[in-house]
1. How large is the charge dipole for the chain, taken about the Cα centre, if only the Cβ atoms of Lys, Arg (+1) and Asp, Glu (-1) carry charge, to the nearest 20 debye?
2. Measure off, as a whole percent, the carbon and sulfur share of the 1.4 Å-probe accessible area of the stretch 6-96, all protein chains present.
3. Please give the net charge around R290, taking every other residue with its beta carbon less than 12 angstrom from that of R290, where Lys and Arg add +1 and Asp and Glu add -1.
4. Of the options I336, A452, V389, report the single residue whose Cα projects farthest towards the positive end of the charge dipole of the stretch 324-501 (beta-carbon charges: Lys, Arg +1; Asp, Glu -1).
5. Please compute the length gained on full extension between D223 and K130, using 0.36 nm multiplied by the number of residues separating them and subtracting their Cα-Cα distance.
6. Give the carbon-plus-sulfur fraction of the accessible surface of the stretch 324-501 in %, rounded to a whole number; probe 1.4 Å, heavy atoms of protein chains only.
7. Sum -39500 (n - 2.57) across every DSSP H segment of at least 4 residues in the chain, then divide by the residue count to get the 222 nm mean residue ellipticity, nearest 500.
8. Express as a percent, rounded to the nearest 5, the fraction of DSSP beta bridges in the chain (both residues included) that run antiparallel.
Amino acid sequence: MGFIIITEAIMTVIRKEDVIDSIADALQYISYYHPLDFIKALEKAYNKEQNQAAKDAIAQILINSRMSAEGKRPICQDTGIVTCFVNIGMNVQWESDLTVQQMVDEGVRRAYNNPNNPLRASIVADPAGKRTNTKDNTPAVVHINLVPGNAIGVQIAAKGGGSENKTKMVMLNPSDDVAAWVEETLQTMGAGWCPPGILGIGIGGTAEKAAILAKESLMEHIDIQELIDRGPQNAEEELRLDIFNRVNKLGIGAQGLGGLTTVVDVKIKTAPTHAASKPVCLIPNCAATRHIHFTLDGSGPANLQPPKQDEWPEVTWEVGNNARYVNLDVITKNDIQEWKTGETVLLSGKIFTGRDAAHKRIQERLNNGEGLPKGVDLNGRFIYYVGPVNAVGDEIVGPAGPTTSTRMDKFTDMMLNDIGLIGMIGKAERGPATVASIKKHKAVYLMAVGGAAYLVAKAIKKARVVAFEDLGMEAIYEFTVENMPVTVAVDSRGVNAHQIGPDTWKIKISKMEQ
């Protein structure tokens, strides 16, 4: 007679509070600490960059990163939508009355409402309707996977809307070239994803699986230089190098100003797919790359060690002797006709802020014959596309970098023609119709560096909400700024830096390789 021996697997008990505390700590951590591999990749890009405008942009990103790490304040004002991959060992037991989604959401809630470093709440419920802000950045997007073992592995990221909005998906034919599709697609994406960054590419499975693979790939360590040094060993690695080289030859450069480095790495994850299909998803990660990994083994919450300050490169950035100093309180439309695309301008005086929701509400008021709200006079003024983080301590305002300007393109003609606006400040390019409108109305569009929110905030000396307070971070503020650094991206003649820069550097890079 045989015997059946039953062995009991060692079970790990994971406490609810350990999960919640770890999620909250991780989100605070990544709000002000860049991954060090990204810092090293940016430093390399800075040292090799030959386009001064792009080099200056990378310098501001690196300086902002160091300042954020020292001040423990967000790298970017868009503190993101939280994405969390939770790999749960099959031998894990829970000491919790909450689901995994609920535990993650509670950690998000605590992190974003932390009084010492409040993070901007950007999540809206009812996305097809009223789009009401949830006030605590919940819910997170949580992917749960059951794996062998007795621990929990967590990969968590905070992804800004500017780069997330540039996600592209396609169902290619099996014989189609993925690298060619990426090369073609990237040229349509503009600079709203805030390069230099990383491309995450998912290939295979089904459409939704490819998207998850792409997002998960962005959690991986930057290792393209190691791959270049040792050479590719399989088809995926060959594809990574092919895309990396193709994309950087486009000359898009930092902030879309033209230059040698558009991406610092390309990541690819694949899954088996149907014989008739080749689903592909491309998700870019911006210059405010934020993610961290940790493991819970039942011994307590994750222990996240801060990086050493000497890990950041010693980079300085100084305004050139040819910078134009401008007093916005006395500027006239005639004055801005002298400005030239590519010029550095230091702004002082009063500016108003306004994003999507504020522009939409202004349009509704005009359509109803109400005019602008009391205290908001935009005639002959500049508007800054920004949604700042709440201030703490003696701050005037929290990190306040620019948002993607193309979202306001549909309102630009109204703002220039009906309101009398003469200038706009944001990040990335404007569409052709908007550039034409700027030229027609002899206005200007100025670019601030995306990914340098804490640095930009230091130029803001006064801040007050003047309209639409119910919109939260999308309310209209009046800022008083002092020597706020911007670049003329579209001048009153319609000369467009985001067209000229990449076109010029694509040719230069081609000649370098001859």
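1. So the magnitude is around 1500 debye.
2. Here carbon and sulfur together make up 50 percent of the probe-accessible area.
3. 0
4. Looking along the dipole axis, the top candidate is I336.
5. 29.2 nm
6. Whole-percent figure for carbon plus sulfur exposure: 46.
7. Taken over the chain, the calculation gives -9500 deg cm²/dmol.
8. Given both bridge residues lie in the chain, the antiparallel proportion sits at roughly 55 percent.
The values are calculated or read from the model by the stated rules, or taken from the named source; none is laboratory data. Just so it is clear, the model here is predicted, and its values are computed rather than measured. With ideal geometry, Cβ positions are generated from the backbone for all residues, glycine too; neighbour counts draw on all protein chains shown. Note: areas computed on protein heavy atoms with side chains; ligands, DNA, RNA excluded. Shrake-Rupley method; radii C 1.70, N 1.55, O 1.52, S 1.80 Å.
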